[in-house]
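Asks: Pasting in a structure now, in structure tokens, and then I'll have a few things to ask.
The values are calculated or read from the model by the stated rules, or taken from the named source; none is laboratory data. It should be emphasised that the depicted structure is a prediction, and the values quoted were computed from it without experimental measurement. Because the Cβ atoms are built from the backbone with ideal geometry, glycine has one as well, and the counts that use them run over all protein chains shown.
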Amino acid sequence: MRKASGDARISGMMLAFCQALLLFVLFGAWYVLTETGVLAPFFFGRPLKVLQVIWVWFSSGKIYPHLAITLLETILAFAVGSLLGLGIGLWLALSPLASKLADPYIKAMNAMPRVILAPIFAVWFGLGVTSKVALGVTLVFFIVFFNVYQGVNEVSPVVLANARMLGASKRQLLRYIYLPSATSWVFSSLHTSVGMAFVGAVVGEYLGSAKGVGYLILQAEGVFDIDTVIAGIFVLTVFALLLDYIVTRIETRLLVWRPKTAETEAM
Amino acid sequence: MTSAAPAAAAMGLENVTCAFAARGGGDQGRYIAVRDTSLTISAGEFVSVVGPTGCGKSTLLNVAAGLLAPSSGRALVHGVPLSGINTRAGYMFQSDALMPWRNTLDNVTAGLEFHGTAKADAVPNAREWLKRVGLAGFEDRYPHQLSGGMRKRVALAQMLILDPEILLMDEPFSALDIQTRQLMENELLELWSADRKSVLFITHDLEEAISLSDRVIVLSAGPETHPIGEFAIDLARPRDVAEIRMQRRFTEIHEAIWQVLKSEVLKGYAQSKR
């Protein structure tokens, strides 16, 4: 539903330019306010200092091992959480008894604020990668789990009956009908689950670690170096945008069969 | 009319009754959709079942397919009582039954894959069938990229590639516009006349039933649906469904069946209004 209003007709180039301008204006305002002392630099940082910190991080290469660790934790948390969610989701969705049995516990665990588990994971798994992955897994698992559960329950009964008439055994139904349907739901929640894996990694690092971008932020905060804290936040933001972009690319590849609202083909 | 001896029947229903738990549950007890229905289809015969909407036609077909176990009575395939899925039958559904995540070609090969044929061996066969239903060149399309008529053709190829002896069709063309529908009906007749499978065709469209079939069975309005009339269609084959409707004999048969069907349709309509 496109309205013929002025801002809907803005061209892509113009839009990108305006977005860049907005960023520039915000940065400029921040610069002016902190330089003139309206906002205290101690609390709000200095934009040029922040940029300098980021520059030093990347030019000296100091940031790379930390980024690598955070990325590793994100990917592991996503992979393990997704596989667990897919497996357990399929199992519970296809076995009504197990599903009824587990229902209150699943609900309780989902309702619990899982970030609070970080200290326990730190005690169990130490301050290394494993405890961050564990935290990320608890976040990713439920997203994937609920999507798989939904995916299995929303399989069209007609498609199912058709596959049975075509001779599909129980096992083949699982492989050719339930699994593709469930994975399509998992893919459609890819943005959220990758984002959650990232949150798990960074929050885990922030609460106690020896490496990672979250650790850098924690260190800087300890000495009231607000510039470095803000620099860390910027790096994480750009990194998250990059992850999101990659996910979008993967998604369009894997979900070609999904109908889009209006689709015409290029000539 | 139906002179076929039971032994020659490809498919039969014997005193089938289907009762469902009543929607409200409780006192009303059970809703009897189909009561005490028997019918047979001889080998190579095209039989249509017509009846008012909501009279339990699909229920009968699901019993014949083995998707639904009847409350009493039984389904027979070549004289053998059916248990589980009817593996000698192909089923064409009223609504879309293609796997949306598989493209046209993969949807057609699905049945062969389920039966253990290697994908690579199934592909040439599937291409051949897609050509036969007029969809050569559409192998890579996904169901949502096809029109309603094209999806029906894919479903037809998907069913026929397994070479079933019995075709069960549940108002397969009811969602199509009238032109596409007549084209599809002609194509179905052409494919059918090539190797004369036994067909049980469900429809609420009397004209469709007459123009396609050897025999038309009329069902009463639900609940407790049962057959109330049976008519042999003695129109010559091959037929063109668009032209056959102009023939005088067609009109006569239509008139005769409509006499029986009319009161049931009105009954069904009155019930649906309640």
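Asks: Return the residue satisfying two criteria in turn: it lies in region B:207-227 and is of a type in the set (A, V, I, L, M) and either touching an Asp or Glu at 6+ places or on another chain (Cβ under 7 Å) or outside the structural domain of B:Thr59 (by TED's automatic domain parsing) (or both), and of such residues it is modelled with the lowest pLDDT.
Replies: Only one residue tops the list, namely B:Ala221.
Asks: Now, a different point. Please indicate, with yes or no, whether at least one residue in region B:51-74 is of a type in the set (A, V, I, L, M, F, W, C), crowded, with 24+ Cβ neighbours inside 10 Å and in a strand (DSSP E or B).
Replies: Within region B:51-74 (the criterion being of a type in the set (A, V, I, L, M, F, W, C), crowded, with 24+ Cβ neighbours inside 10 Å and in a strand (DSSP E or B)), the answer is no, since none of the residues qualifies.
Asks: Here is a further query. Of the numbered conditions (1) away from chain A (no Cβ under 14 Å); (2) touching a helix residue (DSSP H, G or I) at 6+ places or on another chain (Cβ under 7 Å); (3) of a type in the set (Lys, Arg), B:Arg151 satisfies every one except a single condition; which is it?
Replies: (1)
Asks: Which members of region B:82-118 meet the condition of being assigned to a helix (DSSP H, G or I) and within 7 Å of chain A (Cβ to nearest Cβ)?
Replies: Hits for region B:82-118 are B:Ala110, B:Gly111, B:Phe114.
Asks: Return yes or no: is B:Ala33 at pLDDT 90 or above, within 28 Å of B:Ser211 (Cα to Cα) and crowded, with 20+ Cβ neighbours inside 10 Å?
Replies: No: the conditions fail for B:Ala33.
Asks: Further question: Look through B:Val108, B:Val123 and report the one residue that is farther than 21 Å from B:Asn62 by Cα and touching a residue at least 24 places away in the same chain (Cβ under 8 Å).
Replies: When all the criteria are applied, what remains is B:Val108.
Asks: Would you mind stating whether A:Ala220 is within 14 Å of another protein chain (Cβ to nearest Cβ) and buried (at least 18 other Cβ atoms within 10 Å of the Cβ)? Break it down stepwise before answering.
Replies: Working: within 14 Å of another protein chain (Cβ to nearest Cβ): no; buried (at least 18 other Cβ atoms within 10 Å of the Cβ): yes.
No: the conditions fail for A:Ala220.
Asks: Could you list all residues from region B:193-218 that are within 21 Å of B:Ala64 (Cβ to Cβ) and either among the small types (Gly, Ala, Ser) or surrounded by fewer than 18 Cβ atoms within 10 Å (Cβ to Cβ) (or both)?
Replies: Answer for region B:193-218, where residues must be within 21 Å of B:Ala64 (Cβ to Cβ) and either among the small types (Gly, Ala, Ser) or surrounded by fewer than 18 Cβ atoms within 10 Å (Cβ to Cβ) (or both): B:Asp195, B:Arg196, B:Ser198, B:Asp205, B:Ala209, B:Ser213.
Asks: Then there's this: When the residues of region A:164-183 are narrowed to those that are crowded, with 22+ Cβ neighbours inside 10 Å and small (Gly, Ala, Ser), which ends up farthest from the chain's Cα centre (by Cα)?
Replies: Filtering first and then ranking leaves A:Ala168.
Asks: Can you pull out the residues in region A:132-151 that are within 14 Å of another protein chain (Cβ to nearest Cβ) and surrounded by fewer than 24 Cβ atoms within 10 Å (Cβ to Cβ)?
Replies: The initial filter retains those residues of region A:132-151 that are within 14 Å of another protein chain (Cβ to nearest Cβ), namely A:151.
The answer is none; no residue qualifies.
Asks: Separate question: Are any of the residues in region A:242-254 touching a residue at least 12 places away in the same chain (Cβ under 8 Å) and under 30 Å from B:His115 (Cβ atoms)?
Replies: Within region A:242-254, one or more residues are touching a residue at least 12 places away in the same chain (Cβ under 8 Å) and under 30 Å from B:His115 (Cβ atoms).
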